[in-house]
Structures are given as structure tokens and as C-alpha cells.
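Coordinate-derived values only; no laboratory data. Here the structure is a predicted model, which is why all the values come from computation and not from measurement. Neighbour counts are summed over all protein chains in view; Cβ atoms, including those assigned to glycine, are modelled from backbone coordinates with ideal geometry.
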Amino acid sequence: MQLERDYRDALSSFATGVGLVSTHHQGVGKAITINSFASVSLEPRLVLWSLDRKTQRFAAYDEADHFAIHILKADQKDVALHFARQDDVSSIIQHWRANDHHVPITDDALARFECRRYAHYDGGDHVIIVGEVIAFARLSDDPALVFHNSQFSKL
């Protein structure tokens, strides 16, 4: 039987984009770093991302009726690392503003997808969260931040 580390190493050979999911929970704007974003459907407009059940921040994102996904630029590695550790948006980015659903959003990203909760699915040690895109914007043509072989890189 192969070790979990071997499995993770094999998975890391697939390059993924890096993003943030932001939401509003108990009066506080929050964001978490993700690399599990995917398009699901064009009609209706659906996207998905996966949330680790073991994260201490699970409830804020699992319970969110609205959230936004921000695709990060190549020069935003520090932002990705910050929100991998903690999630209070007021602590790092000054460019955040609240949308109509009180979700913090920023224009400092490659693209943004503002979503309403569409479905949640069991995904083993993760929850697969599907959002219906209610607003979106392509914000920049800069290179993307990617994660490959357990390291940040740029496209």
C-alpha cells in the first residue's frame, strides 16, 4: 500500500490555479486560499470548489449562502500564503468592499465570480461546494498564480 505522501506527490503533478473564496460570517469578512476551483456549467452558470472538513474555518464557508471566488495574479503569492493561515480580510488587503450580500470583494485579482450557494456534496474529507454565478468580472490580463509540484509558480 502506497503512503499518503506518495499520493499527494502524484496529485501535485497537476498544475492548478490559485484563488481565494471570500464570505461574510458573524459580522466579519473572511477569505480562504483554494486551488480546487472548476467550472461546472455554462447554463446555468455554475462553479465549484472544495473545502477541507478539518479546517478550523469550516463553518464560515460551509454555511455561507453567498461567496465570491477571486483568481489570483502571479504576484499575489503572499496573499495566498496569508489566507492559507488566517481569514480576516481587514488584516491584509485594503481594496476590499462589500457587495450587495455583504461578501467582501476586490478588483485586485485576475477574475472574480460572485456566487449564491447552489449545492453541497460529500467529497470524503472535503465538501464540494457548487455556486451559481450571479455576477462576474475579468479584471486583469496579468499572468496567473499556479500551484505545481507543491510550489507556487506563474503561468
Using alpha-carbon positions, what is the distance between the centroids of region 96-155 and region 1-56, in Å? 9 Å
Long-range tail of P(r) for the chain (Cα pairs > 27 Å, %): 19 percent
Cα atoms only, region 76-150: Rg and Dmax in Å? 14.2, 38
For Ala111, which sequence-distant residues (separation of 5 or more, or a different chain) have an amide H within less than 5 Å of its own amide H, given hydrogens modelled in the peptide plane? Ile71, Leu139
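Count the lysine pairs in the chain that are 8 or more places apart or on different chains: how many have C-alpha atoms under 21 angstrom apart?
Values: Lys30/Lys54; Lys30/Lys73; Lys30/Lys77; Lys73/Lys154; Lys77/Lys154.
Counting lysine pairs in the chain gives 5.
For the chain, what is the relative contact order in percent, using Cα pairs closer than 8 Å and at least 6 residues apart in sequence? Numbers along the way, then the final one.
Details: 329 pairs, mean separation 45.7, N = 155.
Reported relative contact order: 29 percent.
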Residue order, fewest to most beta carbons within 10 Å, for Glu43, Glu114: Glu43, Glu114
With θ taken as phi - 60° and the coefficients 6.51, -1.76 and 1.60, list the Karplus ³J(HN,Hα) couplings across region 40-49 in order, rounded to whole Hz; mark glycine and proline as x. 10, 8, 8, 9, x, 6, 10, 10, 9, 8
Amide proton proximity set for Ile134, modelled H, under 5 Å, gap of 5+: Glu114, Cys115, Arg116
